[in-house]
1. Under a crude label model (7 Å from the Cα following the beta-carbon direction), how far is Ala244 from His222 in nanometres?
2. Leaving ligands, DNA and RNA out of it, rank His55, His222, His239 by accessible area with a 1.4 Å probe, largest first.
3. May I ask you to work out the translational diffusion coefficient for the stretch 69-173 at 20 °C, viscosity 1.002 mPa s, via Stokes-Einstein with Rh from the Kirkwood sum over Cα pairs, reported in whole µm²/s?
4. On a 1.4 Å probe surface of the protein chains, which of Asp96, Asp256 comes out largest in accessible area, and what is the full order?
5. Given a Förster distance of 25 Å, report the FRET efficiency between Asp291 and Glu32 from their Cβ-Cβ distance, rounded to the nearest 0.05.
6. Starting from the amide H of Asp256, placed 1.01 Å from N in the peptide plane, find each other amide H under 5 Å away whose residue is 5 or more places distant or on another chain.
7. Given labels modelled 7 Å from the Cα in the Cβ direction, how far is it in nm from Ala130 to Asp70?
8. So how do Asp118, Asp151, Asp112 rank on accessible area, 1.4 Å probe, biggest first, that is with the largest at the start?
Amino acid sequence: MQTYVSPPGIALGQYDLATDDLATALSRRHPELAGHPDFLAATRAVTGRHRRRTHPCPDGRVPEPYAREDRHRDLRALMQQAGRQALRRAGVTARDVGALVVVQDPPPAEADPFLDGDLVLALGLPSTTARVPLTGLSSTGAVHALIVAEDMARTGRSVLVVAAGIHPPLTAVDSDGARARRTPAALARQLMVSDGGAAVVVSREALAAPGLVIEETWQYAHGDSRASAHVGGYLAEEHPGLAALPWLRPGQERPDFALVHPGGPAPLRSLAESNALPRRALETSFACIADEGDLGAASVLRMLARLHESPPAAESHGLLLGLAPGYLAAACRVRWTTSATSQRNRPKLTHKGAS
């Protein structure tokens, strides 16, 4: 049986900020680093002219508190908005959902242990919904979540996958842990990132809109630190997980489209320049990161939403790929289908244990 993925629901940060304005604000906030050669080199690796952020670009240098509770509140808001949109686009109700996979994109130490339970309540999912919270997966988060959801969908559940990435305001007060990360490259990364959430429904039953079908999944983890995580990027073609991916080995048919989150524009360019993946297949990935930047865990699902706006030919084969610098990789081999079932004619999906 094949597994269907709905068109994504998307929630973006409220403020549309020009990257030039962000750069000016960073220079004002950190004058001791703004002229650093490493900062200037890192900014050249950033593409895109606008970013969507939850907080506005500051006018001055006055520090503002941004507590963990504030961050969790903002993350919840994005996830709830994306989740509701995903249910509508899939043509299912909240009571149809039997499982929930949630991807957080903060450092693991800041993980919110109540986020998945709160989403069950906020979205009106059945109280018996199976929940899988995921964190600490870096750029592989959304693809890894789809792999988990595909496995759970085999039991007949309709699975909601929700992912989001969010970042503190530029004038946020630094904690002791954050001071160690105030390097030129870390500051330049503020020019790349956007705030956003995305969600999809994964089901064994055809959904109300055509789109993606998952045919096969693959994961990789290895303690290899050769690839650097700095904002200037790394040579993605040297990622050990990429070499281990069986679908890209010599003699295998190249994907017609590839939605790839390698953590930045430079690694994405290196995939195309090394011919690890065809440049034409990466067009949606390039366009998304250039126009909107790095949305963290939501990136691949945001790319999928763009693919729905300009879909490939029916029965085209594709690849979803997440690469975390050094050691993690996750991939789904997928196919684009025009099959869809009207909501009226779809089998009832409600989870048997719903209450």
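1. With each label point 7 Å from Cα toward Cβ, the separation is 0.6 nm.
2. Per-residue accessible area, sorted high to low, gives His222, His55, His239.
3. 152 µm²/s
4. Asp256, Asp96
5. Approximately 0.20, to the nearest 0.05.
6. When sequence neighbours closer than 5 places are left aside, the close amide H contacts are His317, Gly318.
7. 3.9 nm
8. Descending accessible area places them as Asp151, Asp118, Asp112.
The values are calculated or read from the model by the stated rules, or taken from the named source; none is laboratory data. No experiment lies behind these values; they were computed from the predicted model shown. Reconstructed Cβ throughout: ideal geometry from the backbone, glycine too, with neighbour counts over all protein chains shown. All accessible areas refer to the heavy atoms of the entire protein, side chains included, with ligands and DNA or RNA removed. Shrake-Rupley method; radii C 1.70, N 1.55, O 1.52, S 1.80 Å.
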